[in-house]
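**Q** The structure is given below, and queries will be raised subsequently.
The values are calculated or read from the model by the stated rules, or taken from the named source; none is laboratory data. None of the values given here were measured: they were computed from a predicted structure. Positions of Cβ are generated from backbone atoms using ideal geometry, with glycine treated the same way; all protein chains shown enter the neighbour counts.
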Amino acid sequence: MISPVTTITEDQHIRRAIEIVNSSKIRAVPVVNDQGMLAGIVTEGDLLRRIVSSGAARPVPPTRARDDLLANYIKARS
């Protein structure tokens, strides 16, 4: 684990979790409530499943790099 721990708050957009995963090469982001207590964890797998199930015209090919998948998700929803 690295310190300090990078977290997101419950009210932040999923895009922020994707940006953190891409920029820091970590596989999960803790989600904290407004008191700073752990409310959950968003994992790389959660993000990739959301991309695949987001109603895209075709599924994301399994051969593409994870950074590309997550970056494309952000671009498609910006």
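For (1) hydrophobic (A, V, I, L, M, F, W, C); (2) more than 21 Å from residue 71 (Cα to Cα); (3) in a strand (DSSP E or B), each residue gets a yes or a no:
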{"residue": "3", "(1), (2), (3)": "no, yes, no"}
{"residue": "6", "(1), (2), (3)": "no, no, no"}
{"residue": "15", "(1), (2), (3)": "no, no, no"}
{"residue": "18", "(1), (2), (3)": "yes, no, no"}
{"residue": "21", "(1), (2), (3)": "yes, no, no"}
{"residue": "30", "(1), (2), (3)": "no, no, yes"}
{"residue": "35", "(1), (2), (3)": "no, yes, no"}
{"residue": "42", "(1), (2), (3)": "yes, no, yes"}
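**Q** Say whether the condition of being farther than 13 Å from residue 73 by Cα and surrounded by fewer than 15 Cβ atoms within 10 Å (Cβ to Cβ) is met by at least one residue in region 15-22. First the steps, then the outcome.
**A** Narrowing region 15-22 to residues farther than 13 Å from residue 73 by Cα: 20.
Pick out the ones that are also surrounded by fewer than 15 Cβ atoms within 10 Å (Cβ to Cβ) and you get none.
No, there is no match, as no residue in region 15-22 is farther than 13 Å from residue 73 by Cα and surrounded by fewer than 15 Cβ atoms within 10 Å (Cβ to Cβ).
**Q** Can you tell me which condition residue 50 does not meet? The list is (1) under 10 Å from the mean Cα position of the chain (by Cα); (2) surrounded by fewer than 14 Cβ atoms within 10 Å (Cβ to Cβ); (3) basic (Lys, Arg); (4) at pLDDT below 80, and all the others hold.
**A** Just one mismatch for residue 50, condition (2).
**Q** I need the full set of residues from region 26-47 which are surrounded by 10 or more Cβ atoms within 10 Å (Cβ to Cβ) and either at pLDDT below 75 or of a type in the set (D, E, K, R) (or both), in order please.
**A** If the condition is that a residue be surrounded by 10 or more Cβ atoms within 10 Å (Cβ to Cβ) and either at pLDDT below 75 or of a type in the set (D, E, K, R) (or both), then 27, 44, 46 are the ones that fit.
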